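The structure appears below as structure tokens.
The values are calculated or read from the model by the stated rules, or taken from the named source; none is laboratory data. Computed from a predicted structure; not experimentally measured. Every residue, glycine among them, receives a Cβ derived from its backbone with ideal geometry; neighbour counts consider all protein chains shown. Heads up: the accessible areas ignore ligands, DNA and RNA and are worked out on the full protein's heavy atoms, side chains in. Shrake-Rupley method; radii C 1.70, N 1.55, O 1.52, S 1.80 Å.
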Amino acid sequence: MRIVILTGAGISAESGLSTFRDKGGIWSRYDLKDLATPEAFARNPAFVHEFYNMRRANVRKAKPNPAHESLARLEKNYPGEVTLVTQNVDDLHERAGHSRVIHMHGRHGSALCAECGHRWEAPEVMRVEDPCPACGRPATRPDVVWFGEIPYHMDEILGALARADLFVAIGTSGTVYPAAGFVAQARETGSRTLELNLESSAQTRLFDETRTGPATEIVPQWVDEMLA
Ligand code: OAD
């Protein structure tokens, strides 16, 4: 069986990282138009960097939890194909031992030159003035996908979805496209669909099955079933 897994901020919540849309979430404290658009970066790059530097520091302090660890165990031991796509820019899947993670919204661990597109390992504190190691221009930005930009690796993800027998969404509210459209795409090509989330979401009715509860409990339980 081929499994495609999509994770969102909910899988890292119990590692102490804020989600976006829950009560007290990041977009209830900040306006995403000031922080997560190319226009915001053009207007006030220092403010945008300050926000991402803070989040990068929080990620460094966080540790993977049993949900990340169980998915790494699935990747290692499942006899079929497992494709992990994440909307998260943290590296908790990798630090849990997952070897191949598709980061469709980019990574905190990477810096991107807004002028020439060169990528390099993110310093702890990033500033727009930092010269690009390739072209030397001062146009350093976080290598994350902002609203209005096209997510990364879409061809690979859509290919995996078209072949999937099972699509599993974990800890995501299903409000941001294109990821929010994956469940419908998976259904169209005959895949079974499963949602693992703290509570039912705006998309629950689109899934064949929804299991609710904290990711650290329901994800390891599901992985145990798959490996039994
Ligand atoms: P959201 O904050 O929109 O949704 C998080 C989901 O996780 C919600 O449905 C919660 O119920 C659920 N949740 C919270 N705690 C949980 C727990 N302990 N166990 C299981 N589930 C839990 O986050 P995303 O769906 O990831 O994009 O957001 C998608 C995108 O919107 C992000 O990648 C980011 C954001 O704006 C960009 O910045 C481009």
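Number of residues in region 1-32 that are part of a helix (DSSP H, G or I) and crowded, with 21+ Cβ neighbours inside 10 Å: the value is 5. The set of residues from region 122-168 being open to solvent by less than 10 Å² (accessible area, probe 1.4 Å) and closer than 20 Å to GLU195 by Cβ comprises ILE157, ALA160, LEU161, ALA164, LEU166, PHE167, VAL168.
Between ARG119, ARG95, the distinction of being in contact with a strand residue (DSSP E or B) (Cβ under 8 Å, 6 or more places away or on another chain) and open to solvent by 30 Å² or more (accessible area, probe 1.4 Å) belongs to ARG119 only. Taking region 29-59 as the range and being more than 17 Å from VAL128 (Cα to Cα) and at pLDDT 95 or above as the test, the residues that pass are ALA57, ASN58, VAL59.
Of everything in region 114-132 that's over 17 Å from LEU35 (Cα atoms) and touching a His at 6+ places or on another chain (Cβ under 7 Å), which residue is nearest to the ligand (Cβ to nearest atom)? Outline the logic, then answer.
To start, the set of residues in region 114-132 that are over 17 Å from LEU35 (Cα atoms) comprises 115-124, 129-132.
After this cut, where a residue has to be touching a His at 6+ places or on another chain (Cβ under 7 Å) as well, the list is 122, 132.
On the way: ALA122: 16, CYS132: 23 Å.
This residue is ALA122.
Determine, yes or no, whether GLY181 is in contact (Cβ under 8 Å) with a residue 24 or more places away in the chain and within 14 Å of the ligand (Cβ to nearest atom). Here the answer is no, as GLY181 does not meet what is asked.
Test ALA57 against the stated conditions and say whether it is outside the structural domain of GLU225 (by TED's automatic domain parsing), open to solvent by 70 Å² or more (accessible area, probe 1.4 Å), more than 16 Å from the ligand (Cβ to nearest atom) and on the phi < 0 side of the Ramachandran plot. When the stated conditions are applied, ALA57 does not pass them.
As a summary of the residue check, VAL223 satisfies the conditions (1) surrounded by fewer than 18 Cβ atoms within 10 Å (Cβ to Cβ); (2) at pLDDT 95 or above except for the one numbered (1).
Here LEU161 meets each of (1) touching a Pro at 6+ places or on another chain (Cβ under 7 Å); (2) assigned by TED's automatic domain parsing to the domain that holds VAL4 with one exception, condition (1). The set of residues from region 194-212 being open to solvent by less than 10 Å² (accessible area, probe 1.4 Å) and farther than 21 Å from HIS105 by Cβ comprises just one member, LEU194.
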